[in-house]
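The next block holds one structure in the form of C-alpha cells; read it before the comments.
The values are calculated or read from the model by the stated rules, or taken from the named source; none is laboratory data. Worth saying up front: this structure is predicted, and the values here are computed from it rather than measured. Here Cβ is always computed from backbone atoms with ideal geometry, including for glycine, and neighbour counts include all displayed protein chains. Accessible surface areas use protein heavy atoms only, side chains included; no ligands, DNA or RNA. Shrake-Rupley method; radii C 1.70, N 1.55, O 1.52, S 1.80 Å.
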Amino acid sequence: MDGIAAPASKDGTLIETVMATVRQRIGARQLTPGAKLPSVRAFAKTMQVSTSTVVEAYERLAAEGVIRSRPGSGFYVCGPLAPLSLAEVGPRLDREIDPLWISRQSLEAGEGVLKPGCGWLPADWMPQQALRRALRGLAHARDATLADYGTPLGLAPLRQLLARRMGEHGIEASPNQIMLTESGTQAIDLLCRLLIEPGDTVLVDDPCYFNFHALLRAHRASIVSVPYTPTGPDLDLFAQALAEHRPRLYITNSALHNPTGATLSPVTAHRLLKLADQFEVTIVEDDIFADFEPEPAPRLAAFDGLSRVVHIGSFSKTLSASVRCGFIAAPRDWVERLTDLKISTTFGGGHLSAELVLSLLKDGSYRKHVETLRQRLSASMVDTSKRLEPLGIRPWIEPRAGMFLWCSLPDGLDAADVARRALAEGVVLAPGNAFSLSRTANGFLRFNVAQSQDPRVFEVLAMAMRRDGR
C-alpha cells in the first residue's frame, strides 16, 4: 500500500481522508476479506499523518464493520469480497476527465444535448434506409437465423468476406483466423483475458482512446503510456518503456489514431515491430476506423503477417452502433483458445447482427454509404476547423481522414474547466486529460466533426472559454 496518494475526502479532514483511502483500496480489491491492514505506525508514515489519526480512522472503520481488530495482531478487512469499483482503480480523477463519466454523459444524453465530445456519428449519418431494407429481408430468414445461437467463430460467409477486405489492406488472414465478436471492445476484452494477468504491464499511447484505460483497469493491468507523435509512438521512449517495464501488450490504432487523427508511418511501423519482436511484446491493432480512409495507411498486421500483431475491427462507427458486430484476426494457434473464452463469457455469437452486416456488405449498400461518409467527414473537418479558428483553438495536425480533431486551447485555459461550463449548457466535450495517462493534455479537446455541425456548439464553447464563465 506504500506510495499511493490518498484521495481527499469531501470535508478534507485527515481522519476521513485515511478512512477514504482504506475504503478505496477495498473497493479496488487491493485489500480483500481477511487481508491485514498496515500497522498504525507504517500507515501513518505512508499517509504522512500522526499515529493517533490512523488509530482513530481504524477505530471508526471497525465501528462501521468495514474492518475488525484482532488484539495483539492488528486490523483486518471484514465481510465478503467487495464488488470491483473501476472508479477506485487507478488515480482519482475529476469527473470532467474521468473516461467512464464522459462515456455516461454521451450515452445518456437526452434530446437537445449536443455531443461534440462523443466518439460516434450522428444517427442520421448512418444508412438507415439500407438498414431497414436489410432488416425486412431478415424477417424472411430461416428459423435458425432468427432464433438460434451463432457458431463460436461466427458466420462463415462473413468471415470469408472479411478476409478478402483485410487483404485489400495487405493483411493475409484465412477465414479460420478470424473470429466474430460483439464489438471492438469485446475483442480487446477477450484478448486481455487471454494474454494478461492482474498486475501485468500494458503499453498504450499518450494520448489514446480513453476506454482503453477503463478496460485495462477492469483487468487490473498496470498501464504505462508512451507519447504519440504525428507519425506514431515516440520510438526512443517506446524502447525505454519496453526495457524498463517489460510489458505483455501494446494497444494502439495504427491508422486514424484516436484521439489525434494521426497516421502511422511505414518507417515507424518497421522500427516498432523490430522492438516488439526484440522484447516479445504482442501488439493489439485496433482498426475500427479503417473504412473512413480513402487510401489504406500502413497496417502493423500487414507488415507482421499476424505473427506478433492481433488485428481487430468492427462496424459500430460506420454502420450502426446498435448492430453489434466486430472481429479479431489472430495467429492460428490462438483461435481455439479465443473461441473457448468467447463460449465461456458470451456462449454463442450474434447471429442476427452478423447476417445483417453480411447483407449490407454484399449488396453494395455499405460501399456506397462509406463513400458518401468520407466526403461528408472531409467537408465537416474543414468546416469545424474554420469555426474553431476564431476562438483560438487550433488542430494539432490536419488529419488525412476520419472524424476527430485533436485541438489545443489558447494558453492558460484548462480543458476540464471548459468542459464543466459547457456541460451546464447542454454540450458534452471531451477534455484532453481523459485520453492522457500522464495528465499532460489539460490544454487539449477532442472534437468529433460530425457532431459539431450545430452552431450552438461554438456559441457555448466561446462562453465556456471565458474565465468568468459568462
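For the range 190-212, a residue qualifies if it is in contact (Cβ under 8 Å) with a residue 60 or more places away in the chain, in contact with a strand residue (DSSP E or B) (Cβ under 9 Å, 6 or more places away or on another chain) and closer than 23 Å to Asp333 by Cα, and the qualifying residues are Leu190, Leu191, Leu195. Within the range 394-415, can one find any residue that is within 17 Å of Gln105 (Cβ to Cβ), crowded, with 18+ Cβ neighbours inside 10 Å and hydrophobic (A, V, I, L, M, F, W, C)? Within the range 394-415, one or more residues are within 17 Å of Gln105 (Cβ to Cβ), crowded, with 18+ Cβ neighbours inside 10 Å and hydrophobic (A, V, I, L, M, F, W, C).
For the residues Thr384, Thr372, the requirement of being at pLDDT 95 or above and over 25 Å from the mean Cα position of the chain (by Cα) singles out Thr372.
Taking each residue of the range 257-285 that is under 20 Å from Ile188 (Cα atoms) and free of Cβ contacts under 8 Å to residues at least 24 places away in the same chain and looking for partners that are surrounded by fewer than 22 Cβ atoms within 10 Å (Cβ to Cβ) and among the hydroxyl-bearing types (Ser, Thr, Tyr) with beta-carbon atoms closer than 7 Å, six or more apart or interchain, yields nothing. Please go through the range 15-49 and give me each residue that is among the polar types (S, T, N, Q) and either surrounded by fewer than 19 Cβ atoms within 10 Å (Cβ to Cβ) or more than 21 Å from Gly79 (Cα to Cα) (or both), ordered by number. Passing the criteria: Thr17, Gln30, Thr32, Ser39, Thr46, Gln48.
Exactly one residue out of Leu180, Leu216, Leu242 is in contact with a strand residue (DSSP E or B) (Cβ under 8 Å, 6 or more places away or on another chain), assigned to a helix (DSSP H, G or I) and buried (at least 22 other Cβ atoms within 10 Å of the Cβ): that is Leu216. Over 23 Å from the mean Cα position of the chain (by Cα) and either closer than 19 Å to Tyr228 by Cα or in contact (Cβ under 8 Å) with a residue 40 or more places away in the chain (or both), is that true of Lys317? Considered against the rule, which asks whether it is over 23 Å from the mean Cα position of the chain (by Cα) and either closer than 19 Å to Tyr228 by Cα or in contact (Cβ under 8 Å) with a residue 40 or more places away in the chain (or both), Lys317 comes out as no. Of everything in the range 183-198 that is assigned to a loop (DSSP other than H, G, I, E, B) and open to solvent by less than 20 Å² (accessible area, probe 1.4 Å), the residue that is modelled with the highest pLDDT is Ile196. Within the range 199-208, being under 22 Å from Pro259 (Cα atoms) and part of a loop (DSSP other than H, G, I, E, B) holds for Pro207, Cys208.
Within the set Arg376, Arg420, the sole residue that is basic (Lys, Arg), in contact (Cβ under 8 Å) with a residue 12 or more places away in the chain, assigned to a helix (DSSP H, G or I) and under 27 Å from Gln128 (Cα atoms) turns out to be Arg376. Is at least one residue of the range 355-364 among the β-branched types (Val, Ile, Thr) and buried (at least 19 other Cβ atoms within 10 Å of the Cβ)? Within the range 355-364, one or more residues are among the β-branched types (Val, Ile, Thr) and buried (at least 19 other Cβ atoms within 10 Å of the Cβ). Mind counting the residues in the range 127-176 that are open to solvent by less than 50 Å² (accessible area, probe 1.4 Å), in a loop (DSSP other than H, G, I, E, B) and more than 24 Å from Ile328 (Cβ to Cβ)? The qualifying residues number 2.
Within the range 277-300, restricting attention to residues that are among the charged types (D, E, K, R) and within 19 Å of Leu194 (Cβ to Cβ), which residue is surrounded by the fewest Cβ atoms within 10 Å (Cβ to Cβ)? It comes out as Glu280.
Per the conditions (1) assigned to a helix (DSSP H, G or I); (2) under 18 Å from the mean Cα position of the chain (by Cα), the sole criterion not satisfied by Ala441 is (1).
Can Pro116 be described as within 30 Å of Asp454 (Cβ to Cβ) and either among the aromatic types (Phe, Trp, Tyr) or at pLDDT 85 or above (or both)? In short, yes.
Scoring His311 on the criteria (1) open to solvent by 10 Å² or more (accessible area, probe 1.4 Å); (2) within 23 Å of the chain's Cα centre (by Cα) leaves a single failure, condition (1). Checked against the criteria, Gly412 counts as of a type in the set (Gly, Ala, Ser), assigned to a loop (DSSP other than H, G, I, E, B) and farther than 29 Å from Leu190 by Cβ.
On the stretch given as the range 316-330, residues that are part of a loop (DSSP other than H, G, I, E, B), open to solvent by less than 10 Å² (accessible area, probe 1.4 Å) and either modelled with pLDDT of 95 or more or farther than 20 Å from Leu190 by Cα (or both) total 3.
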